[in-house]
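**Student:** Let me begin by handing over the structure; questions about it come next.
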Amino acid sequence: VYGGDGNYSYTWSSGETTSSISQSEGSYSVTIADGKGRTAMASYYLGEPIDWKDLVDVSVESDNHLQKSTTSTAWDAGATSHNLLAEEVDGFIEFVITQIGSVYMIGLSSQERNVNFNTINHAIYLDATGIVRIYENGGQRLVHGLTNPGDIFRIGRVGDQVKYYKNGEEIYSTANPIAEQLVMDVSLNKGELPIVVASFEESEIINGTFWAIADGSWNDNNVWSNEEGGAPAARFPLAGDVIYIKNHIIQVDHAATSADITIDATDQLTELVVNGDLKVRGKVKVQQSSGVLGQVRIEGEGKLSFLE
C-alpha cells in the first residue's frame, strides 16, 4: 500500500483483516482504508505459480520473481514456463506492477524460440518510464500509457482471442483467432520481472536426476548437479525430476514440484526444510545411519503435498 496517511486497515472478501492472505486458487478482493477513512479496492487472482524453464541470464528469486543477472540493457535474457495452456482452452497469466524502472516484455507464445522479445506472440511491454504497450509478434499494436505500482495486468485467451486487461478492464484484443497451445514467455532488458501467477499449471514434464552438492535454496542451480558430486547443473529441479539429498540441507522457500525425493543421511545432518509450497509426484524416502539425522521439516506456512 502507498499513499494516504498510513494507519491502514484491510478487509478481504474471504474475511481476513491482515495485509496479506494465503488462500486456495481463486479471485479475492480487498478494501483498504487509511486513518482518515479514505478507501481503495483491488482484486487479485491467486493461482498456479510459474514453473520456470529455459533460463538465460536470469535468476529465480525466493518469491519466484525473475531477476536479470547481468548489467546488459539488451534483450538478451529471459525464460519460459512449464505451465502449458492447452489448445482451445481458456486461461490467463496475471501480475502486479511492483516498480517503475525495470524493462521487460511478458506474454504468451505458441513456443519458445529465443530470449528476444520479437518472438513473443502476445506481450505486454513495460518501459523504463512506466509506459505500457501491447506488442504482438514483435510489432507494436497499442500504446496504452502510463502505469503505476499496484496496477494489475492480465493476458489470457477467451474463446478464440487473446485479450489484455488492466485492473479488470479490457484494453486490447487480438484481431485473429488463436487456438494453439500457449506457454508463458518472457524477455528481460533491465531489472526484474514481478511475480506472475497462471490459471493453468505445468503440463510438460521433464524427467531428470538431481543430486544436492551444497547446502542452499531449492531454486539455486549451484546447489544441484546431474550426478553425485558433479558440476553445478544448468537449472534447478522441476516437476518430473528425481531428487537425491545426501549430507546437505536444502530449503524450499517458494513453490516447487518434483518426482521422487530421497533424503540420505549417511555422515551428517540431512534435511529438506519446507517453508514454501512443495508438491511431490512420487514418494519422499528418508534413509539414515545410526546417530545421524535425516528428516523433512515443515516451517511456518510451509506445505508439503502429494500429487496423483
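The values are calculated or read from the model by the stated rules, or taken from the named source; none is laboratory data. Keep in mind that what you see is a predicted model, and the values were worked out from it rather than measured. Note that each Cβ is placed from the backbone with ideal geometry, even for glycine, and that neighbours are counted across all protein chains shown.
**Student:** Might you check whether a residue that is buried (at least 17 other Cβ atoms within 10 Å of the Cβ), of a type in the set (D, E, K, R), assigned to a loop (DSSP other than H, G, I, E, B) and in contact with a strand residue (DSSP E or B) (Cβ under 7 Å, 6 or more places away or on another chain) occurs anywhere in the range 290-302?
**Tutor:** Checked the range 290-302: no residue is buried (at least 17 other Cβ atoms within 10 Å of the Cβ), of a type in the set (D, E, K, R), assigned to a loop (DSSP other than H, G, I, E, B) and in contact with a strand residue (DSSP E or B) (Cβ under 7 Å, 6 or more places away or on another chain).
**Student:** Quick one: count up the residues across the range 100-119 that are modelled with pLDDT under 95, among the hydrophobic types (A, V, I, L, M, F, W, C) and under 18 Å from residue 172 (Cβ atoms).
**Tutor:** Qualifying residue count, the range 100-119: 1.
**Student:** Right, here's the next one. In the range 66-83, is there at least one residue being surrounded by fewer than 17 Cβ atoms within 10 Å (Cβ to Cβ) and modelled with pLDDT under 90?
**Tutor:** So far as the range 66-83 goes, no, none of its residues is surrounded by fewer than 17 Cβ atoms within 10 Å (Cβ to Cβ) and modelled with pLDDT under 90.
**Student:** Consider the range 117-160. How many of its residues are within 21 Å of residue 47 (Cα to Cα) and outside any loop (DSSP other than H, G, I, E, B)?
**Tutor:** Summing the residues that are within 21 Å of residue 47 (Cα to Cα) and outside any loop (DSSP other than H, G, I, E, B) in the range 117-160 gives 10.
**Student:** Of the conditions (1) surrounded by fewer than 21 Cβ atoms within 10 Å (Cβ to Cβ); (2) without any contact (Cβ under 8 Å) to a residue 24 or more places away in the chain; (3) in contact with a strand residue (DSSP E or B) (Cβ under 7 Å, 6 or more places away or on another chain), residue 224 fails just one. Which one is it?
**Tutor:** The failed condition is (1).
**Student:** Here are 234, 214: which of them is surrounded by fewer than 18 Cβ atoms within 10 Å (Cβ to Cβ), under 17 Å from residue 82 (Cα atoms), touching a helix residue (DSSP H, G or I) at 6+ places or on another chain (Cβ under 8 Å) and not aromatic (Phe, Trp, Tyr)?
**Tutor:** 234
Yes or no, residue by residue, for (1) assigned by TED's automatic domain parsing to the domain that holds residue 240; (2) under 16 Å from residue 257 (Cβ atoms); (3) in a loop (DSSP other than H, G, I, E, B); (4) not aromatic (Phe, Trp, Tyr):
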| site | (1), (2), (3), (4) |
| --- | --- |
| 54 | no, no, no, yes |
| 64 | no, yes, yes, yes |
| 67 | no, no, no, yes |
| 70 | no, no, yes, yes |
| 73 | no, no, yes, yes |
| 83 | no, yes, no, yes |
| 89 | no, no, yes, yes |
| 93 | no, no, no, yes |
| 100 | no, no, yes, yes |
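**Student:** Continuing with the same structure: Are any of the residues in the range 87-98 farther than 30 Å from residue 219 by Cα and modelled with pLDDT of 95 or more?
**Tutor:** no
**Student:** Moving to a separate point now. So if I check each of 29, 20, which one is within 19 Å of residue 98 (Cα to Cα), in contact (Cβ under 8 Å) with a residue 12 or more places away in the chain and not assigned by TED's automatic domain parsing to the domain that holds residue 166?
**Tutor:** Being within 19 Å of residue 98 (Cα to Cα), in contact (Cβ under 8 Å) with a residue 12 or more places away in the chain and not assigned by TED's automatic domain parsing to the domain that holds residue 166 holds for just one of 29, 20, which is 29.
**Student:** If the Cβ limit is 7 Å and pairs must be 6+ apart or interchain, which residue in the range 179-198 that is at pLDDT 95 or above pairs with which residue that is among the basic types (Lys, Arg)?
**Tutor:** 188/68; 190/68; 191/68; 192/68
**Student:** Is it true that residue 305 is assigned to a loop (DSSP other than H, G, I, E, B) and out of contact with any Phe, Trp or Tyr (no Cβ under 6 Å at 6 or more places or on another chain)?
**Tutor:** no
**Student:** Anything in the range 244-258 that is aliphatic (A, V, I, L, M), modelled with pLDDT under 95 and buried (at least 20 other Cβ atoms within 10 Å of the Cβ)? List them, or say none.
**Tutor:** Listed by number, the residues that qualify are 252, 256.
**Student:** Turning to a different aspect of this structure: When you scan the range 9-24, how many residues do you find that are closer than 24 Å to residue 255 by Cα, touching a strand residue (DSSP E or B) at 6+ places or on another chain (Cβ under 6 Å) and of a type outside the set (S, T, N, Q)?
**Tutor:** Summing the residues that are closer than 24 Å to residue 255 by Cα, touching a strand residue (DSSP E or B) at 6+ places or on another chain (Cβ under 6 Å) and of a type outside the set (S, T, N, Q) in the range 9-24 gives 2.
**Student:** From the list 71, 11, pick out the single residue that is farther than 25 Å from residue 219 by Cα, without any contact (Cβ under 8 Å) to a residue 40 or more places away in the chain and out of contact with any Gly (no Cβ under 6 Å at 6 or more places or on another chain).
**Tutor:** Answer to the selection: 11.
**Student:** Since residue 277 meets every condition but one in (1) touching a residue at least 40 places away in the same chain (Cβ under 8 Å); (2) charged (D, E, K, R); (3) surrounded by fewer than 17 Cβ atoms within 10 Å (Cβ to Cβ), which condition does it not meet?
**Tutor:** (3)
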